[in-house]
Amino acid sequence: MWFNALSKKKGSNKEDESSPANKNDPFNEHRYNGSNRTNAGVNDKKHVPPASLLSSTAAAVQSPGLPQIHFLSRRSPIYCTTACVATSQPLATSIGLHMLRGLGGNAADASVAIAAALAVLEPCSTGLGGDMFALHYDANTRKVKSINGSGRCPSNLNIDVVKNFHKSQLDFTMGIHSVTVPGAAQGWEDTINKFGSGKLSLLQILEPAIKLAEEGFPVSTLTALRWNQQMDCINKWYTPEEIDGGKVEMSTDGKGTAPKPGQLFRNPHMASVLRSLGEYGAQEGFYKAFPGQSIVDTIRKHGGVMTMEDLTDHTSTYPEPIKVSYRGIDVWECPPNGQGIAGLIAIEGLNALEQNRIVTTSLLDDESCHPQLSADMLHAQIEMMRIGFGDARAFVCDPDFVKQDDQDEASTKSSTEWLLNKERISKQALGLFDSEKAVVQGKPTPSSCTVSFQVVDELGNAMSFVNSNYMGFGSGLTPTNCGFTLQNRGAGFSLDTNHPNALAPRKRPYHTIIPAMLTHSDTGELYASLSNMGGFMQPQGHMQLVVQLVANGLDPQVSLSHAQ
């Protein structure tokens, strides 16, 4: 998903080894995945009006276990002169625009309204049982700020408890102890409090989503297919008696049947939760209220150890975003525990290769031939991305659990300063890269998850926002009478006690969801707000989109139409 704000100039045309995977630790099992869903927008002063919005298309969408869906249409840029919204769902987009145009809200207000709408419309990707991250661009100060709305491990959970309870890594990945504190509710409220217009209450912002849940909505084709594929993930938590008695939530008949494409689906329990959150706020209306109690009761019913204190102690954080510069453009990401740093390492490695004239991404004379599609350029990007993934999977963890000790090697390597050290990355890139063959180790685990979207308001403020359950419905566990499922984000932890990302009480896991923002290095003006879906491949998508737009000068729709 991509939105580009008014650009007064184009990007300039200036031209240690990865840690090996631990074969005994499933967290370090690296395999490659290149699938994602995305929307995009572009604005270049030379070619388009002051703002634009663009959505990508593809020849087909196919996921394991799903029939192939063919798209026989072409998408062109959607241009606009004031506010812009890019989401994965037309109803969510219309709600975002209503917040901006109809109610006078800003980018933050619209983002939370969209996040809530998508929690209703696409529950097999996102919801109140999950987490959120966002980057905010302030057009007045030209500053980028971040919010980390990810939850923590229960205080009574440790690696021994997990290994004694779960028979295998897979059992843990989708099991009861993979459920971490859901951070989305607090994150939504904090986004409004910190970046909102102040004109709208949380209830007003959530009202369109409440209406969708109460009155029902037609389920989109792809959502219906994914819902059906993943329904067993929900059904497994119910007894045969509960299924026969029509107790299964998130189903059309209470017996575990997923909605069909176009079928109207109502979720009154979700509407009640959203209304409680809107009226009383995250703490009093969610964590301390009936949703929080239901979360704890349901988890403990199935052998989990989460407590009310785990929920009520939850807080969002506002870490300083991190960046690298690429051809006159600053690329911003949220810092760890998110994996955005993997993309930044890859971009910095590509910088080293370009500056030493080992590769080039300059435009060719023949504009029909795009250099990013050449074998040489794809090889360079893949190898640099492998360096990024190798570093991230080996060292990224909750920074609150990193010892502040310059003499401790493990602590040093998990620090953002060490990971983004330009000299270190350059040495690694130049030392490892072989133009003739693949030599770098480190790849993402195949996965697909998340909703992400972009909003820019009429003042030029922007939000890059990502919300997720992690793997589809996450754990699939549905708190009684709540209408949403709980994430399985704890599966992002390592069960190796010596790993920086080892599971521990009150610790945040390695996180896949990453918003991004691009600004001009010299002026701080907004260049682009972007993100993409796709689990562990998201940093790869960021790197490719940045290179295609900034270095190759491609129309974002053209770059998005190519495989990521």
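Taking the average, over residues, of other Cβ atoms within 10 Å as the packing measure, peptides 491-502, 541-552, 160-171 rank 541-552, 491-502, 160-171 from highest down. Computed over the Cα atoms of the range 265-355, pair by distinct pair, the Kirkwood hydrodynamic radius stands at 16.8 angstrom. Global size of the range 101-194: 17.2, 54 Å for Rg and Dmax (C-alpha atoms, Rg to one decimal, Dmax whole).
For Leu477, the residues 5 or more places off, or on other chains, whose built amide H falls under 5 Å of its own are Leu486. Our note on the geometry: Cα centres of the range 164-207 and the range 458-474, 12 Å apart. Amide H contacts of Met132 (H built 1.01 Å from N, in plane; Pro and chain starts excluded): Gly149, Ser150, Gly183, Ala184 sit under 5 Å, all sequence-distant by 5 or more or on other chains. Backbone N atoms of the range 273-287 closer than 17 Å to the 7 Å Cα→Cβ label point of Met308 belong to residues 282-287.
Panel order for Met306, Met174, by other beta carbons found within 10 Å of each beta carbon, from fewest to most: Met174, Met306.
What's the extension gain from His98 to Lys403 if we count 0.36 nm per residue and subtract their Cα-Cα distance? All intermediate terms of the calculation are to be shown ahead of the outcome.
Details: separation 305, 0.36 × 305 = 109.80 nm, distance 4.64 nm.
Fully extending the segment from His98 to Lys403 adds 105.2 nm.
Projecting label points 7 angstrom from Cα along Cα→Cβ for Glu279 and Ile159 puts them 4.6 nm apart. For Ile78, the residues 5 or more places off, or on other chains, whose built amide H falls under 5 Å of its own are Leu53, Leu54, Ser55. Taking one quarter of the surface of the C-alpha convex hull of the range 106-152 gives a mean projected area of 3.8 nm². Shown in residue order for the range 87-92 are the 3J(HN,Hα) couplings computed by the Karplus curve 6.51 cos²θ - 1.76 cosθ + 1.60 at θ = phi - 60°: 9, 8, 9, x, 5, 5 Hz (x for Gly and Pro). With the convex hull constructed from alpha-carbon coordinates only, the range 423-509 shows a mean projected area of 11.5 nm² over all directions.
Taking other C-beta atoms within 10 angstrom as a stand-in for reagent exposure, Trp227, Trp237, Trp418 fall in the order Trp418, Trp237, Trp227, fewest first.
Residues of the range 384-401 with an amide N closer than 20 Å to a point placed 7 Å from the Cα of Gln169 along the Cα-to-Cβ direction: 386-398. A simple rule links phi to the HN-Hα coupling: the Karplus curve 6.51 cos²θ - 1.76 cosθ + 1.60 with θ = phi - 60°, which for the range 329-345 gives 10, 8, 9, 9, 9, 6, x, x, 7, x, 9, x, 4, 4, x, 5, 4 Hz, with x for Gly and Pro. Phi angles across the range 279-288 convert, under the Karplus curve 6.51 cos²θ - 1.76 cosθ + 1.60 with θ = phi - 60°, into 3J(HN,Hα) values of 7, 10, x, 5, 6, 6, x, 9, 5, 8 Hz, Gly and Pro given as x. Three principal axis extents of the range 223-321 based on alpha-carbon atoms, in descending order, are 41, 32, 29 Å.
Set the Cα radius of gyration of the range 202-244 against 2.2 N^0.38 Å, with N its number of residues, and you get 1.61.
Where a number appears in this text, it was derived from the coordinates with a stated rule and is not lab data. Note that the structure is a prediction, hence the values are computed from the model and not measured. Note: ideal-geometry Cβ built from the backbone for every residue, glycine included; neighbour counts use all protein chains shown.
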